[in-house]
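In what follows, a single structure is set out as structure tokens and then discussed.
The values are calculated or read from the model by the stated rules, or taken from the named source; none is laboratory data. Keep in mind it's a predicted model, so treat the numbers as computed, not measured. Using ideal geometry, Cβ is built from the backbone for each residue, glycine included, and neighbour counts are taken over all protein chains shown. Side chains included, ligands, DNA and RNA excluded: accessible areas come from the protein's heavy atoms. Shrake-Rupley method; radii C 1.70, N 1.55, O 1.52, S 1.80 Å.
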Amino acid sequence: MQTEQLTQPNPSTTTTDQTILCIAKILLLALSCIAIGTYLYVALSRISFPFAVEWVESNTFIQVVQILNGRPIYTYPSFDFIPTIYTPLYYYIVALFAKFTQQIMFSMRFVSLLASITIFVMIYKICRQRGMSRESSFVAIGLFAASYGVVGYWFDIGRVDTLFLAFLLVSYALTITQAKPDSLYGMLAGLTLFLSFATKQPALGVTPFIVGYLVVQKRWLKALWLSCSFLVAWTGFVFFMNITSDGWFWTYTFSIPATHPILWETLFNFWTLYILPKFSLLLIIPIFSILILFLQRSYGWHF
């Protein structure tokens, strides 16, 4: 009987590949630390700056002043005040902080900073739930932080977007978790998804995809609880806001945005002139991914 001889891997080749992988891992972790540290340094350096650092901040400031003065933020437009087209949760949270700090600009940026840190935590948690290693999950945070300058330095400023995204990621993390019971986590996912909508309306467009994910996974009970909790909270919130504002809430948050046409040329230019050129360096990531997958398949290593 002929005995098959197994080919042993070359020890020197294995050591070289492990060294390359180790260097790549250390490099990515170091770059992630630099990106996160740079963001936190900039955010903390300007958190108490008393003037607007971006034009949206001045409008946010006016909304918060309106709340602190006990006036509605959805009312007829006037020379003194015009409401925004966003849902109000961010403004009310900022107003709550401003009552204690007596600093509106600081409170606006403080809420956004806390939201951005929540996003970091949720990115890590979601990556871990998806089976990624601790190192890869941390690099995912670094990748997000590294986009700070490219997107206009808005993570920490006084606008609704960061809090909206934080609630959205919390909802997604609760959606994909395998923790039980499904009824509880489904309800919590639906409520945090509603909080995301109460901060900014695009959460409505995400909702069918989150529910659809649960349906595809055949997690019917969780999908039911998520859908019902979101719909009940959304319906009650919209009804209350419309009643208390004599319909102005719906006018500003839905009717006015709906009248804006879709500018396809602007959308195309957004990707071709803004996103792709500035994110072209991210082509390095697929190259690293292919290299890592090759090493995993060949030698069974895990990154």
State which residue is surrounded by the most Cβ atoms within 10 Å (Cβ to Cβ) when the search covers only segment 60-80 and only residues that are touching a helix residue (DSSP H, G or I) at 6+ places or on another chain (Cβ under 6 Å), among the hydrophobic types (A, V, I, L, M, F, W, C) and part of a helix (DSSP H, G or I). VAL64
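Only one of THR7, THR38, THR14 is modelled with pLDDT under 80, open to solvent by 60 Å² or more (accessible area, probe 1.4 Å) and either in a loop (DSSP other than H, G, I, E, B) or of a type in the set (Ser, Thr, Tyr) (or both); which?
THR7
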From PHE294, PHE230, PHE288, PHE240, residue being open to solvent by less than 50 Å² (accessible area, probe 1.4 Å) and either in a helix (DSSP H, G or I) or touching a Cys at 6+ places or on another chain (Cβ under 7 Å) (or both): PHE230
Among the residues of segment 190-206, is any within 30 Å of ILE82 (Cβ to Cβ), touching a Gly at 6+ places or on another chain (Cβ under 8 Å) and either of a type outside the set (S, T, N, Q) or surrounded by 13 or more Cβ atoms within 10 Å (Cβ to Cβ) (or both)? no
Is it true that THR251 is open to solvent by less than 50 Å² (accessible area, probe 1.4 Å), of a type in the set (S, T, N, Q) and farther than 22 Å from LEU165 by Cα? yes
Answer with yes or no whether PHE144 is in contact (Cβ under 8 Å) with a residue 40 or more places away in the chain, out of contact with any strand residue (DSSP E or B) (no Cβ under 8 Å at 6 or more places or on another chain), farther than 20 Å from VAL211 by Cβ and in a helix (DSSP H, G or I). no
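Considering only segment 130-144, I want to know if a residue exists there that is charged (D, E, K, R) and at pLDDT 95 or above.
At the first step, the residues of segment 130-144 found to be charged (D, E, K, R) are 130, 134-135.
After this cut, where a residue has to be at pLDDT 95 or above as well, the list is none.
No, the conditions are met nowhere in segment 130-144.
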Report yes if some residue within segment 101-112 is in contact with a helix residue (DSSP H, G or I) (Cβ under 8 Å, 6 or more places away or on another chain), under 30 Å from ALA179 (Cβ atoms) and crowded, with 21+ Cβ neighbours inside 10 Å; otherwise report no. yes
Only one of (1) in a helix (DSSP H, G or I); (2) closer than 26 Å to PRO208 by Cα; (3) open to solvent by less than 70 Å² (accessible area, probe 1.4 Å) fails for PHE138. Which number is that? (2)
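Looking only at segment 154-183, which residues are assigned to a helix (DSSP H, G or I) and open to solvent by 50 Å² or more (accessible area, probe 1.4 Å)? Walk me through how you get there before you give the answer.
First, the residues of segment 154-183 that are assigned to a helix (DSSP H, G or I): 161-176, 182-183.
Of everything in segment 154-183, just one residue is assigned to a helix (DSSP H, G or I) and open to solvent by 50 Å² or more (accessible area, probe 1.4 Å), namely TYR172.
In segment 61-71, is there at least one residue being in contact (Cβ under 8 Å) with a residue 40 or more places away in the chain and closer than 30 Å to GLY247 by Cα?
Residues of segment 61-71 in contact (Cβ under 8 Å) with a residue 40 or more places away in the chain: 61, 64.
When the remaining residues are screened for being closer than 30 Å to GLY247 by Cα, the result is 61, 64.
Yes, there is a match, as at least one residue in segment 61-71 is in contact (Cβ under 8 Å) with a residue 40 or more places away in the chain and closer than 30 Å to GLY247 by Cα.
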Quick test of your reading of the structure: GLY186 fulfils all but one of (1) open to solvent by 60 Å² or more (accessible area, probe 1.4 Å); (2) in a helix (DSSP H, G or I). Name the failing condition by number. (1)
